[in-house]
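First comes the structure, then the notes that go with it.
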Amino acid sequence: MKYFKISLFACVLLFLSLSAFANFTASLNSRMVASGEPFQLTLSTNENTSTSPDIAALTQSFLILGQSSGQSVQIFNGSVSKTRQWIYTLQAKTTLNKKEKPIQIKIPSVTLGTSQTQPLTLTLTPPKSAFNYDKDSVKITSAINTDQPYVQGQIKLSVQILMSPEMARSV
């Protein structure tokens with residue numbers, strides 16, 4: 001009987017500790033963004049929920065250009081973990097010209113039920129020209145890591161695609 005009580009107590013502690021790992025987090029694909037350029041805010045939770053986050057606070061300072069969501073389930077050695085993500089493509093309503101200094105913009109916390117993310121900070125920089133947008137819509141460069149590969153040897157190919165903001169928004 002004593003062993004049963006100890007086992008029951010251990011199971012209750014395990015259940016409580018697993019529920020304590022339920023969290024709701026926010027992350028950015030880039031902490032520094034040029035004025036007028038979009039960026040992605042990813043909201044993640046491991047809670048089992050069918051509701052969407054309340055993003056009303058974001059609309060004050062940002063345009064919401066797109067939204068996607070997904071869910072994943074991982075089973076590893078009999079342990080199941082679930083993750084749900086919402087990805088928002090945002091653009092700051094604040095714009096800078098090329099002569100202004102970078103500014104910090106606060107991304108407010110987002111709520112999902114009773115959970116809340118931490119606020120984030122984004123650095124907005126003046127617009128940059130990687131290439132002449134008037135002349136070039138798309139610029140593609142490529143490079144390989146070796147000039148003398150071995151037969152059936154591995155070659156790493158790096159491809160960089162630069163698009164004008166107008167072209168990127170239309171994709």
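The values are calculated or read from the model by the stated rules, or taken from the named source; none is laboratory data. Everything quoted here is computed from the prediction, not taken from an experiment. Neighbour counts run over all protein chains shown; Cβ positions are idealised from the backbone, glycine included. Ligands, DNA and RNA are stripped out before the accessible areas are found, and what is left, the full protein with its side chains, is counted by its heavy atoms. Shrake-Rupley method; radii C 1.70, N 1.55, O 1.52, S 1.80 Å.
Just a few scattered comments:
- Estimated vicinal HN-Hα couplings, Hz - region 42-57 in sequence order (Karplus 6.51, -1.76, 1.60; Gly, Pro = x): 10, 10, 10, 8, 10, 7, 8, 9, 10, 8, 9, x, 8, 9, 4, 5
- Seen from residue 45, the other residues with C-beta closer than 12 Å to its C-beta sum to a net charge of +1, counting Lys and Arg as +1 and Asp and Glu as -1.
- Phi-based couplings in Hz for region 63-75 (Karplus 6.51, -1.76, 1.60; Gly and Pro marked x): 8, 9, 8, x, 8, 9, 9, x, 9, 10, 10, 10, 10
- Solvent-accessible area, 1.4 Å probe, carbon plus sulfur percent, for region 38-103: 47 percent
- What separates the Cα centres of region 82-104 and region 44-65 is a distance of 15 Å.
- Pairs of Cα atoms nearer than 8 Å and 6+ residues apart set the relative contact order; for region 21-121 it is 33 percent.
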